Amino acid sequence: MKNAFFLMISAWMLTVSAQSPLLSVYNRETFSLNGKWNYIVDQYETGFYAYHGTRYDELENPGNGAIFLDKKPQNKSELIEYDFDLSPTLMVPGDWNTQDPKLFLYEGSIWYRRVFDYAKKNHGNRVFIHFGAVNYEADVYLNGKKLGRHTGGFTPFSFEVTALLKEKGNSLVVKVNDTRKHDAVPTENFDWMNYGGITRDVQLVELPSTFIADYSVQLVKGSLSMIKGFVRLNGSGKQQKITVELPEIKLKQQINTDENGYAEFALEAKKLTLWSPENPKLYDVIISCETDRITDRIGFRSIEVSGSEILLNKKPVFLRGICAHEENPLRGARAYSKEDARMLLTWARELNCNFMRLAHYPHNEYMARLADEMGILLWEEIPVYWTIDFTNETTYKNAENQLTELIGRDKNRASVIIWSVANETPVHESRTAFLTKLAQKARSLDDTRLVSAALEVSTPSDNPFLKRVHDPFAGVADIVSFNVYVGWYDGLPDKCDRILWDIPYEKPVIISEFGGGALQGLHGDTLTRWTEEFQEYLYRKNLAMLTRIPQLRGTNPWILCDFRSPKRLLPQVQDGWNRKGLIGQNGSRKKAFYVLREFYDKMSRGENIPN
Ligand code: GCU
């Protein structure tokens, strides 16, 4: 009898632990679990492993050491060595590093716990818990039962909890571990703060028993009027009539999902106003079936390459870009809110940017949704950064999963035009195979956008002034992008005057990074490193150097604002901050900010454009 019961429970847990691909959460009515969560720092993972190393959550009876049970003593003799109710709290969303000085450099495991009540609106509905992101690995439990594990610090995931939810006193426990690991993505060495925690929104989403789980509505690649897409249902009522509607232009089509709940469609939209940075036109798109209805705001635009041109809606475009980390420098913390997104995008707009490189990992969903509204094109990237373990299949699967989750989340966002699969990875056979496979995966998931990666330049030993891009991945990418630091890591700014280029690809070239550091408010002459004058001079020299590249079709200086990095150690100048921002950590513009803005102002008037 006992075994039969165990088998039933195990089978049931398999169903509750399945991670359902819940998308478009921001187009749904949700119940927020943001706010104060109790937390327990568990440096030795005492609440996860018994003393001989057995994982509590793999035991039929985990016992009192298992923190995810969130137990209280039932009598005065019972031994329990933790108590969430007596523990401090952290704000969710948010990194833990900047919420308590004791946690600033902490790396390891922290248990979070939130208690909540929830009464379903409709008995037959299903309920999911959705996380915008957790850095880096999350083990999630509800009312003592394991929901599952998610690995990857920057993409959303969710679990169905319909069968486990109570009306009162639900205990949601998340073990977050942000320890850097060689086989992880990113690996253990990277130039940004390893912000740990539940760093983005947490929401409950109540949905009909059969709901619209996924959809794509985009222009066919190369067309300015043909819209194609798919709808996927989740639930028992898989075969339904689906209506796809753009009310503003009186476009409507009905399709039927198959036995798997899937249907494709295509419809001609002759009166479409195309989305562009100059006119970020969004349409209400309504997708409905007998049991569900969802409305999204979608822009329609075409992005292609032709020779060395990038064509937006069939017209050549130059990408006046800037790089950004997902950090609010005024708080010196992980950015996570719509207000943070608006601040960063507004700063880019002030530079007269029409483009941003969201480095080096997927940013929160507010960025692409707001960029859709503000008309800023985006480069989105997964953290395949520097010396990834390229020969490790598990590492590849992790990178591919993060790419899949990113594309799944943002595939309907007009602002997103480039998927980037790497940054500054060393050129060798296993790395190029790894990146090529990711590029193929991106194209299989989304054939409407462009694929690139931030490559590196090489300098022949016999000519320090010749910059070469000889990288096999440049032959795979749609756009040849690379980082170059002449005047900062490579000589002084006047070296720019003597640089020659060898970029043997008839493709568009984007500079994915260039720049140099300055401490905001430090002044001196143009040869004194760390002064604003040095950075300003470096920008003038670099911009003149870059416009000598005939295929140049985009520039992304590194970086919009100063950001925290434990790699930046110079006292009284860096103090744990990378100072290459055009805006300082207090929000003040440096002199180089105005050099770039003037350059982009002229470019938007048709000047400076390389021929
Ligand atoms: C590299 C890297 C960035 C880094 C920057 C720098 O190119 O891509 O992540 O922060 O250079 O050195 O500041």
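Please specify each residue of the stretch 347-359 satisfying the condition of being more than 14 Å from residue 373 (Cα to Cα), outside any helix (DSSP H, G or I) and away from the ligand (no atom under 16 Å from the Cβ). Hits for the stretch 347-359 are 351, 352, 353.
Considering 435, 370, 344, the condition of being within 16 Å of the ligand (Cβ to nearest atom), in contact (Cβ under 8 Å) with a residue 24 or more places away in the chain, assigned to a helix (DSSP H, G or I) and not acidic (Asp, Glu) is satisfied by 435 alone. Residues that are open to solvent by 10 Å² or more (accessible area, probe 1.4 Å) and either under 24 Å from the mean Cα position of the chain (by Cα) or aromatic (Phe, Trp, Tyr) (or both) within the stretch 581-602 comprise 585, 587, 594, 599, listed in sequence order. Kindly check whether there is at least one residue in the stretch 558-567 that is more than 15 Å from the ligand (Cβ to nearest atom), touching a residue at least 40 places away in the same chain (Cβ under 8 Å) and among the β-branched types (Val, Ile, Thr). No; the residues of the stretch 558-567 include none that is more than 15 Å from the ligand (Cβ to nearest atom), touching a residue at least 40 places away in the same chain (Cβ under 8 Å) and among the β-branched types (Val, Ile, Thr). In the stretch 466-485, the residues that are of a type in the set (Phe, Trp, Tyr) and at pLDDT 95 or above reach residues that are open to solvent by 10 Å² or more (accessible area, probe 1.4 Å) and away from the ligand (no atom under 16 Å from the Cβ) with C-beta atoms within less than 8 angstrom, at least six apart or across chains, in these pairs: 473/432; 473/436. For the stretch 438-454, residues that are of a type in the set (S, T, N, Q) and either in contact with a Leu (Cβ under 8 Å, 6 or more places away or on another chain) or in contact (Cβ under 8 Å) with a residue 24 or more places away in the chain (or both) total 2. The residue list 404, 387 contains one member that is closer than 21 Å to residue 137 by Cα, modelled with pLDDT of 95 or more and assigned to a loop (DSSP other than H, G, I, E, B), which is 387. Looking across the stretch 578-587, the residues that are within 11 Å of the ligand (Cβ to nearest atom) and more than 11 Å from residue 323 (Cα to Cα) come down to 578, 579.
Going residue by residue through the stretch 317-327, is there one that turns out to be open to solvent by 40 Å² or more (accessible area, probe 1.4 Å) and either within 29 Å of residue 546 (Cβ to Cβ) or modelled with pLDDT of 95 or more (or both)? Step through it out loud before you land on a result.
Filtering the stretch 317-327 for residues open to solvent by 40 Å² or more (accessible area, probe 1.4 Å) gives none.
Within the stretch 317-327, none of the residues are open to solvent by 40 Å² or more (accessible area, probe 1.4 Å) and either within 29 Å of residue 546 (Cβ to Cβ) or modelled with pLDDT of 95 or more (or both).
From the list 551, 574, pick out the single residue that is of a type outside the set (Asp, Glu), within 13 Å of the ligand (Cβ to nearest atom) and modelled with pLDDT of 95 or more.
The conditions single out 574.
Considering the stretch 296-331 alone, what residues qualify as being closer than 30 Å to residue 93 by Cα and not in a loop (DSSP other than H, G, I, E, B)? 296, 297, 298, 323, 324, 327, 328, listed by residue number.
Condition first: open to solvent by less than 10 Å² (accessible area, probe 1.4 Å) and either without any contact (Cβ under 8 Å) to a residue 24 or more places away in the chain or within 16 Å of the ligand (Cβ to nearest atom) (or both). Now tell me which residues in the stretch 514-538 satisfy that. Once the filter is applied, which keeps residues that are open to solvent by less than 10 Å² (accessible area, probe 1.4 Å) and either without any contact (Cβ under 8 Å) to a residue 24 or more places away in the chain or within 16 Å of the ligand (Cβ to nearest atom) (or both), the stretch 514-538 yields 514, 515, 516, 517, 518, 531, 534, 535, 538. Residues in the stretch 264-310 that are open to solvent by 60 Å² or more (accessible area, probe 1.4 Å), under 30 Å from residue 477 (Cα atoms) and among the basic types (Lys, Arg): 297 alone.
Does the stretch 489-497 contain at least one residue that is outside any helix (DSSP H, G or I), closer than 30 Å to residue 24 by Cβ and open to solvent by 10 Å² or more (accessible area, probe 1.4 Å)? Reasoning before the result, please.
Keep residues of the stretch 489-497 that are outside any helix (DSSP H, G or I), which gives 489-492.
Next cut, closer than 30 Å to residue 24 by Cβ only: none.
Checked the stretch 489-497: no residue is outside any helix (DSSP H, G or I), closer than 30 Å to residue 24 by Cβ and open to solvent by 10 Å² or more (accessible area, probe 1.4 Å).
Could you please find all residues in the stretch 100-137 being under 24 Å from residue 179 (Cα atoms) and surrounded by fewer than 18 Cβ atoms within 10 Å (Cβ to Cβ)?
100, 101, 102, 104, 105, 106, 107, 108
Looking at the structure I just gave you, is residue 261 free of Cβ contacts under 8 Å to residues at least 60 places away in the same chain, buried (at least 22 other Cβ atoms within 10 Å of the Cβ) and farther than 30 Å from residue 105 by Cβ? Judged against the criteria, residue 261 is a match.
Within the stretch 378-404, restricting attention to residues that are open to solvent by less than 50 Å² (accessible area, probe 1.4 Å), within 16 Å of the ligand (Cβ to nearest atom) and not aromatic (Phe, Trp, Tyr), which residue is nearest to residue 345 (Cα to Cα)? The residue in question is 380. Within the stretch 150-194, the set of residues being among the aromatic types (Phe, Trp, Tyr) and more than 16 Å from the ligand (Cβ to nearest atom) comprises 157, 159. If you go through the stretch 438-482 and keep only what is within 16 Å of the ligand (Cβ to nearest atom), open to solvent by 10 Å² or more (accessible area, probe 1.4 Å), out of contact with any His (no Cβ under 9 Å at 6 or more places or on another chain) and not in a loop (DSSP other than H, G, I, E, B), you end up with just 456. Condition test on residue 501, is it surrounded by fewer than 22 Cβ atoms within 10 Å (Cβ to Cβ), within 16 Å of the ligand (Cβ to nearest atom) and aromatic (Phe, Trp, Tyr)? Spelling it out, it is not the case that residue 501 is surrounded by fewer than 22 Cβ atoms within 10 Å (Cβ to Cβ), within 16 Å of the ligand (Cβ to nearest atom) and aromatic (Phe, Trp, Tyr).
The combined condition, being open to solvent by less than 20 Å² (accessible area, probe 1.4 Å) and touching an Asp or Glu at 6+ places or on another chain (Cβ under 8 Å), is not fulfilled by residue 201.
For the stretch 577-611, a residue qualifies if it is assigned to a loop (DSSP other than H, G, I, E, B) and either acidic (Asp, Glu) or modelled with pLDDT of 95 or more (or both), and the qualifying residues are 579, 580, 581, 582, 584, 585, 586, 587, 588, 590, 607. Being open to solvent by 10 Å² or more (accessible area, probe 1.4 Å) and either within 16 Å of the ligand (Cβ to nearest atom) or of a type in the set (Ser, Thr, Tyr) (or both) is a property that does not hold for residue 425.
The conditions of being of a type outside the set (A, V, I, L, M, F, W, C) and either within 30 Å of residue 186 (Cα to Cα) or open to solvent by less than 30 Å² (accessible area, probe 1.4 Å) (or both) are not met by residue 85.
The values are calculated or read from the model by the stated rules, or taken from the named source; none is laboratory data. Everything numeric here is computed off the predicted structure, so don't read it as measured data. Neighbour counts run over all protein chains shown; Cβ positions are idealised from the backbone, glycine included. Remember, those area values only see protein heavy atoms, side chains included, never the ligands or the DNA or RNA. Shrake-Rupley method; radii C 1.70, N 1.55, O 1.52, S 1.80 Å.
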